[in-house]
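*Asks:* Pasting a structure here, questions to come.
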Amino acid sequence: MGKWKRSQAYADYIGFILTLNEGVKGKKLTFEYKVSEAIEKLVALLNTLDRWIDETPPMDQPSRFGNKAFRTWYARLDQEAENLVATVVPTHLAAAVPEVAVYLKESVGNSTRIDYGTGHEAAFAAFLCCLCKIGVLRVDDQIAIVFKVFNRYLEVMRKLQKTYRMEPAGSQGVWGLDDFQFLPFIWGSSQLIDHPYLEPRHFVDEKAVNENHKDYMFLECILFITEMKTGPFAEHSNQLWNISAVPTWSKVNQGLIRMYKAECLEKFPVIQHFKFGSLLPIHPVSLC
């Protein structure tokens with residue numbers, strides 16, 4: 001784990017997360033931002049994955065297990081991933097396609113266990129980070145990366161989780177932040193920094209969530225949790241309930257970044273599946 005924390009991959013990955021965190025600070029999802037051709041192509045790629053869910057209905061089987069139709073859906077992605085990535089990457093960068101496609105395949109869950117967790121989410125962020133490193137995505141795409149691409153990815157992942165009843169990977173139950181995601185809480189809390197009236201205590205208020213979830217990623221996550229879980233919020237999402245007592249969004253944001261490093265990036269069960277290559281290398285950070 002020490003080798004990973006000292007690696008170029010770790011530095012690039014966390015730098016990417018924090019750059020986007022800064023980019024979306026104080027901005028609504030409905031904020032006007034530039035949408036490049038590469039962003040449009042990434043959304044089209046995610047729309048294809050969404051369409052494949054519709055074309056792969058769940059199998060008739062006992063409902064408490066992950067639905068095996070997910071394996072059929074995943075096999076299609078496994079086969080088509082490089083072709084999908086090639087639609088986003090220009091031909092002069094085609095040599096990078098196989099490596100980038102690995103992160104896309106890793107980002108949708110595990111087809112053997114039919115589960116999904118923060119390690120898969122991290123693979124999607126790594127996929128986007130690689131596209132930045134090879135120049136497909138640029139500095140001025142920052143807001144669109146989170147608001148348009150990552151947000152669409154979340155929608156597709158929620159549909160996968162619901163359709164195929166995916167298990168949470170490595171879930172800590174009520175002591176985890178969320179069964180499936182982490183990054184939208186970080187970027188979503190950044191969006192709410194210095195909000196004129198919405199404070200952390202408001203996200204456990206149903207009315208505030210219903211009125212504002214279309215503008216804020218954090219509240220969209222809360223809405224999804226309340227749709228998927230029953231019982232008092234304080235019982236099924238204890239960590240989030242505790243966070244609602246933090247006085248400012250800035251403190252929530254800083255705390256979540258610390259928690260992400262400790263609970264996701266520095267946990268072997270999450271990182272053991274992380275892939276390293278020429279774009280996100282395991283070698284130590286170069287100081288030059």
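*Asks:* Give or take rounding to whole Å, what are the principal axis extents of the alpha carbon atoms in the chain, in descending order?
*Replies:* 54, 50, 40
*Asks:* Over region 175-288, what is the relative contact order in whole percent, taking alpha-carbon pairs under 8 Å and six or more residues apart?
*Replies:* Averaging sequence separation for qualifying contacts and normalising by length gives 32 percent for region 175-288.
*Asks:* What ratio of Cα Rg to 2.2 N^0.38 Å holds for region 15-104?
*Replies:* Here the answer is 1.41, to two decimals.
*Asks:* Now a separate question. Return the carbon/sulfur percentage of the accessible area of region 1-272, one whole number, probe 1.4 Å, all protein chains in place.
*Replies:* It is 51 percent, rounded to a whole number.
*Asks:* Shifting gears a bit: Could you tell me what fraction of 2.2 N^0.38 Å the Cα radius of gyration of region 167-288 comes to, as a two-decimal ratio?
*Replies:* 1.19
*Asks:* Please give the calculated 222 nm ellipticity per residue for the chain, where each DSSP H segment of at least 4 residues contributes -39500 (n - 2.57) and the sum is spread over every residue; nearest 500 deg cm²/dmol?
*Replies:* It lands at -15500 deg cm²/dmol.
*Asks:* Let me ask something additional. I need the chymotrypsin sites (Phe, Trp or Tyr not before Pro) found in region 119-218, filtered to DSSP loop residues with at most 16 other beta carbons within 10 Å of theirs.
*Replies:* The qualifying sites are Y197.
*Asks:* Still on this structure, I have one more. Determine the relative contact order of region 1-272: mean sequence separation of Cα pairs under 8 Å and six or more apart, normalised by residue count, in whole percent.
*Replies:* Once divided by the residue count of region 1-272, the mean separation gives 24 percent.
*Asks:* While we're looking at this one, here's another question. With each pseudo-label sitting 7 Å past Cα toward Cβ, what's the N238-K28 distance in nm, one decimal?
*Replies:* 3.7 nm
*Asks:* Separate question: Assigning unit charges at the beta carbon (Lys, Arg +1; Asp, Glu -1) and nothing else, what dipole magnitude in debye, to the nearest 20, does the chain show about its Cα centre?
*Replies:* In debye, rounded to 20, the chain gives about 540.
*Asks:* While we're here: Taking N as the number of residues in region 74-134, what is its Cα Rg relative to 2.2 N^0.38 Å?
*Replies:* For region 74-134, the normalised Cα radius of gyration comes out at 1.11.
*Asks:* By what distance, in whole Å, do the Cα atoms of region 209-280 stretch along each of the three principal axes, largest value first?
*Replies:* So the three principal-axis extents are 45, 27, 25 Å.
*Asks:* Taking only protein heavy atoms into account and a 1.4 Å probe, give the accessible area per residue of region 1-272 in Å².
*Replies:* Here the per-residue accessible area is 45 Å².
*Asks:* Mind listing which trypsin sites (Lys or Arg not before Pro) in region 35-140 are in a DSSP loop and have 10 or fewer other Cβ atoms within 10 Å?
*Replies:* Those satisfying the criteria are R64.
*Asks:* Relative to the Cα centre, what is the charge dipole magnitude of region 129-288, using +1 at the beta carbon of each Lys and Arg, -1 at the beta carbon of each Asp and Glu, and rounding to the nearest 20 debye?
*Replies:* Dipole size: approximately 500 debye.
*Asks:* For R138, put the label point 7 Å out on the Cα→Cβ axis and report which residues of region 84-114 keep their amide N under 15 Å from it.
*Replies:* 90
*Asks:* Calculate, in whole percent, how much of the Cα-Cα pair population of region 99-166 lies beyond 21 Å.
*Replies:* Cα-Cα pairs in region 99-166 separated by more than 21 Å: 26 percent.
The values are calculated or read from the model by the stated rules, or taken from the named source; none is laboratory data. All of these numbers come straight from a predicted model, not from anything done at the bench. All Cβ positions, glycine included, derive from the backbone under ideal geometry; neighbour counts span all protein chains shown. All accessible areas refer to the heavy atoms of the entire protein, side chains included, with ligands and DNA or RNA removed. Shrake-Rupley method; radii C 1.70, N 1.55, O 1.52, S 1.80 Å.
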